[in-house]
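Note sheet for the following structure.
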Amino acid sequence: MRITTVSYRNKHHIAIQESDSCWAVSPQPANLGDALATGEVETLLEQSDSWSRAGLDELAFLAPIPYPRRNIICLGMNYAEHAEESLRAKGRELELPEYPVLFTKATTAVIGPYSDIVLDEQVTQQLDWEVELALIIGKGGRYIAKERAFDHIFGYTVVNDLSARDLQFRHKQFFLGKSMDGSCPMGPWITTADQLHDPHNLTVRSYVNDQLKQDGNTRDMVFRIPEIIATLANVMTLQAGDIIATGTPSGVGFARQPPEYLQPGDITRCYIEGLGEIANRIVSA
């Protein structure tokens, strides 16, 4: 199932894809994040046969979870080649992380799959791209064993973990450089876990102005999804609706020679096999 939040007749509704051109839309205004957090999503889906049908021209796609209740949890250096390029760019020797590198992005970073990304050059002049597979927690819990981790996943989506490298390196911690408003395009929908045979064998690509920048595969993750979930749940209670971005492959801008950064007018696209593609234009503040 592909499911998301849309704007329909100027209100937010949950929508389920029925065909390439037709979506079933919930009769009452709602968003998927709230439905997951309150445990109402299964009840809503049981009633979906009676929902209205709408064409693509009637819908505006929002982030599947447009207002996350908690920060987006992210992994850094979770692909070996990306870790190598990052450390090389900083003049350091390659040393893969022994444990997952974790940080968060503010909830206000989330925007829709086709929304404009506002670049305020007074804030950053080094805006970088990072395509990532994100998973959505469907059933919360603490002390989740690796063997049961997949039981807690509602589905998967595409995110662009946009990064202000000057802020990131200036402040040492990742949070500010990762948390600019609008720096987490997400979508275009959530593909439910039952539809994805193997999340560890997906092509992951990003483009800037149709030029391929990243070309990786999720099989190259240093820490795989069960270990990520178990590591987090050993420390904190995961909640339904939590978003976990699992890291990016090599090919980011700051590690290129010379470095490359996004500019107004650029269009960045992020694609993951089986999940779809998001596309966002960079615009001046």
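Checking Gly265 against (1) touching a helix residue (DSSP H, G or I) at 6+ places or on another chain (Cβ under 8 Å); (2) small (Gly, Ala, Ser); (3) surrounded by fewer than 21 Cβ atoms within 10 Å (Cβ to Cβ), which single condition isn't satisfied?
Among (1) touching a helix residue (DSSP H, G or I) at 6+ places or on another chain (Cβ under 8 Å); (2) small (Gly, Ala, Ser); (3) surrounded by fewer than 21 Cβ atoms within 10 Å (Cβ to Cβ), the lone unmet condition for Gly265 is (1).
Take Ile282 and decide whether it is touching a residue at least 40 places away in the same chain (Cβ under 8 Å), in contact with a helix residue (DSSP H, G or I) (Cβ under 8 Å, 6 or more places away or on another chain) and part of a strand (DSSP E or B).
Values: touching a residue at least 40 places away in the same chain (Cβ under 8 Å): yes; in contact with a helix residue (DSSP H, G or I) (Cβ under 8 Å, 6 or more places away or on another chain): no; part of a strand (DSSP E or B): yes.
Here the answer is no, as Ile282 does not meet what is asked.
State yes or no: is Ile65 part of a strand (DSSP E or B) and at pLDDT 95 or above? Full working, then the answer.
Details: part of a strand (DSSP E or B): no; at pLDDT 95 or above: yes.
Here the answer is no, as Ile65 does not meet what is asked.
Give me the pairs: first residue in region 172-195 and under 10 Å from Leu162 (Cβ atoms), second residue among the hydroxyl-bearing types (Ser, Thr, Tyr), beta-carbon distance under 6 Å, and six or more apart or on different chains, which are they?
Gly177/Ser163; Lys178/Ser163
Using the structure shown, decide if Thr203 is touching a Lys or Arg at 6+ places or on another chain (Cβ under 6 Å), touching a residue at least 40 places away in the same chain (Cβ under 8 Å) and surrounded by fewer than 17 Cβ atoms within 10 Å (Cβ to Cβ). Working first, answer last.
Numbers: touching a Lys or Arg at 6+ places or on another chain (Cβ under 6 Å): no; touching a residue at least 40 places away in the same chain (Cβ under 8 Å): yes; surrounded by fewer than 17 Cβ atoms within 10 Å (Cβ to Cβ): yes.
Considered against the rule, which asks whether it is touching a Lys or Arg at 6+ places or on another chain (Cβ under 6 Å), touching a residue at least 40 places away in the same chain (Cβ under 8 Å) and surrounded by fewer than 17 Cβ atoms within 10 Å (Cβ to Cβ), Thr203 comes out as no.
Would you pick out the residues in region 217-258 that are part of a loop (DSSP other than H, G, I, E, B) and acidic (Asp, Glu)?
Start the filter on region 217-258 by keeping residues that are part of a loop (DSSP other than H, G, I, E, B), which leaves 222-224, 234-237, 239-242, 246-258.
Within region 217-258, just Asp242 meets the criteria.
Could you tell me whether any residue of region 127-134 is more than 18 Å from Gly274 (Cα to Cα), small (Gly, Ala, Ser), touching a residue at least 12 places away in the same chain (Cβ under 8 Å) and crowded, with 20+ Cβ neighbours inside 10 Å?
no
So, in region 86-113, how many residues would count as being touching a residue at least 60 places away in the same chain (Cβ under 8 Å) and surrounded by fewer than 16 Cβ atoms within 10 Å (Cβ to Cβ)? Explain how you work it out, then say what you get.
Start the filter on region 86-113 by keeping residues that are touching a residue at least 60 places away in the same chain (Cβ under 8 Å), which leaves 86, 88-89, 96-97, 99-100, 102-106, 108-113.
Now narrow it down to the ones that are surrounded by fewer than 16 Cβ atoms within 10 Å (Cβ to Cβ): 88-89, 96-97, 99, 108.
Summing the residues that are touching a residue at least 60 places away in the same chain (Cβ under 8 Å) and surrounded by fewer than 16 Cβ atoms within 10 Å (Cβ to Cβ) in region 86-113 gives 6.
The values are calculated or read from the model by the stated rules, or taken from the named source; none is laboratory data. Just so we're clear, the structure is a prediction, and the values are computed from it rather than from any experiment. Virtual Cβ from ideal backbone geometry, glycine too; neighbours counted across all protein chains shown.
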